[in-house]
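The values are calculated or read from the model by the stated rules, or taken from the named source; none is laboratory data. Small disclaimer: the values here were computed from a predicted structure and weren't measured. FYI the Cβ positions are ideal-geometry reconstructions off the backbone, even for glycines, and counts take in every protein chain you see. Just the protein is used for accessible areas: all its heavy atoms, side chains included, with ligands, DNA and RNA removed. Shrake-Rupley method; radii C 1.70, N 1.55, O 1.52, S 1.80 Å.
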Amino acid sequence: MDTQKMKVQKLVPTEYDGKWGFIDVVTGEEVVPFIYDYAHAFSVGLALVRQNGWWGYVDKTGKEVIPCIYNPAWSFTKTGLAAVCMEGKCGFIDQTGKEVIPFIYDDARYFNKDGKAKVKLNGETFFIDVKGNRVE
């Protein structure tokens, strides 16, 4: 491996003139344009961004991989899933935006290091696994 040819990129969410984008701290160049209302750090290759009150995800080239159609939404975890909500119901999507765990919950949060996510359904709070099964 020729380390001279390796391009090191460290993208950080940055606010400029009231808008958010990402700059490469190694080169100082803008990689993701400053068009978002807010941006979170990259997690598992995608960054959570908000535009006009809605959340979506961009990749490290700045491409909007998953459109800003969720409210609220959480960052992806090592499970490859993210909790997102639409029209008052929450579920989980994969990194292509495909629904993996149905939008049936009244609330949902990210998967923790044990691979469990806290969800709320009909006033009851409990944990589910990455397949959507209830777990203790």
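Summary table
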quantity: All strands (runs of 3 or more DSSP E) inside region 1-93 with 2 or more residues being open to solvent by 40 Å² or more (accessible area, probe 1.4 Å); calculated: 11-16, 19-24, 30-36, 38-43, 46-51, 64-70
quantity: Identity of the residue in region 99-127, part of a strand (DSSP E or B) and over 19 Å from the mean Cα position of the chain (by Cα), that ends up nearest to GLY88 (Cα to Cα); calculated: ILE104
quantity: Filter result for GLY115 (out of contact with any Lys or Arg (no Cβ under 8 Å at 6 or more places or on another chain), under 18 Å from GLY132 (Cα atoms) and modelled with pLDDT under 95); calculated: yes
quantity: Residue satisfying condition, being farther than 30 Å from ASP114 by Cβ and of a type in the set (D, E, K, R), within set LYS63, LYS89; calculated: LYS63
quantity: From the options THR79, THR27, residue that is under 22 Å from LEU121 (Cβ atoms) and among the β-branched types (Val, Ile, Thr); calculated: THR79
quantity: Whichever residue in region 94-136 is open to solvent by 50 Å² or more (accessible area, probe 1.4 Å) and touching a Leu at 6+ places or on another chain (Cβ under 9 Å) and, among such residues, is nearest to VAL44 (Cα to Cα); calculated: GLN95
